[in-house]
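Before any comments, here is the structure.
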Amino acid sequence: EPEVTQTPSHQVTQMGQEVILRCVPISNHLYFYWYRQILGQKVEFLVSFYNNEISEKSEIFDDQFSVERPDGSNFTLKIRSTKLEDSAMYFCASSEPTVGDSLYEQYFGPGTRLTVT
Amino acid sequence: RKEVEQDPGPFNVPEGATVAFNCTYSNSASQSFFWYRQDCRKEPKLLMSVYSSGNEDGRFTAQLNRASQYISLLIRDSKLSDSATYLCVVITTGRRALTFGSGTRLQVQP
């Protein structure tokens, strides 16, 4: 069964450093997403990406965040200057394009646990 | 008011029991509804989509009441492996972002 993969599984970084989280979405999917979950809190949407551009973003996704699809398989989330409060689990997700269907099922990767010290 | 509200639980039930979770959503423009399950420190996994007419998948039944803005999940014949947090998720019309509830924790006991 195809699945979303993410690397690394755990990233430790110092405050102010840049980090890049990587994801390989399911191969025939065209919509890609990043979510985060701070420990003990709910999953929160960050950004969605389609056709090589951001299609939607939340208030959390400020100027320190960026996303990129550098090649045909990878999808990355970059945090330019990490803060302590960026410590969280970051999940990548992907979904198929749907035509005439209102259900947009998203499949999640195993996540990258980011610890900012 | 939270966009998606769930009773956090925990619900402690014996194996074989039937358990029901409820969820309410505040945005009447919500158009798509899902139940995900999440094991401790793992990713959310899609359990089932929720259709307007209600739908069943094995031991799991989901219902949607658009008038009351209410979604439910019924689990019959609970197994130990059903122990997890169950997340109610909605999508608003015109968007693709998933909005998650905080989840309801289920613990099935032998």
Identify all residues within the range B:48-63 that are surrounded by 15 or more Cβ atoms within 10 Å (Cβ to Cβ) and at pLDDT 95 or above; write none if there are none. B:PHE60, B:THR61, B:ALA62, B:GLN63
Pick out, from the range B:12-92, the strands (runs of 3 or more DSSP E) lying fully within it that include 3 or more residues that are within 14 Å of chain A (Cβ to nearest Cβ). B:30-38, B:44-50, B:84-92
Take the conditions touching a Ser or Thr at 6+ places or on another chain (Cβ under 6 Å), within 12 Å of chain B (Cβ to nearest Cβ) and either assigned to a strand (DSSP E or B) or under 21 Å from B:LEU87 (Cβ atoms) (or both) and apply them to A:GLN6. Does it pass? yes
Contacts under 8 angstrom Cβ, first residue in the range B:44-55 being more than 22 Å from B:ARG105 (Cα to Cα) and without any contact (Cβ under 8 Å) to a residue 40 or more places away in the chain, partner surrounded by fewer than 16 Cβ atoms within 10 Å (Cβ to Cβ) and charged (D, E, K, R), 6 or more apart: B:SER52/B:ARG66
Filter result for A:ASP71 (more than 18 Å from A:SER27 (Cα to Cα) and either of a type in the set (Asp, Glu) or in contact with a helix residue (DSSP H, G or I) (Cβ under 7 Å, 6 or more places away or on another chain) (or both)): no
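The values are calculated or read from the model by the stated rules, or taken from the named source; none is laboratory data. Since the model is a prediction, treat every value here as computed from it, not as a measurement. FYI the Cβ positions are ideal-geometry reconstructions off the backbone, even for glycines, and counts take in every protein chain you see.
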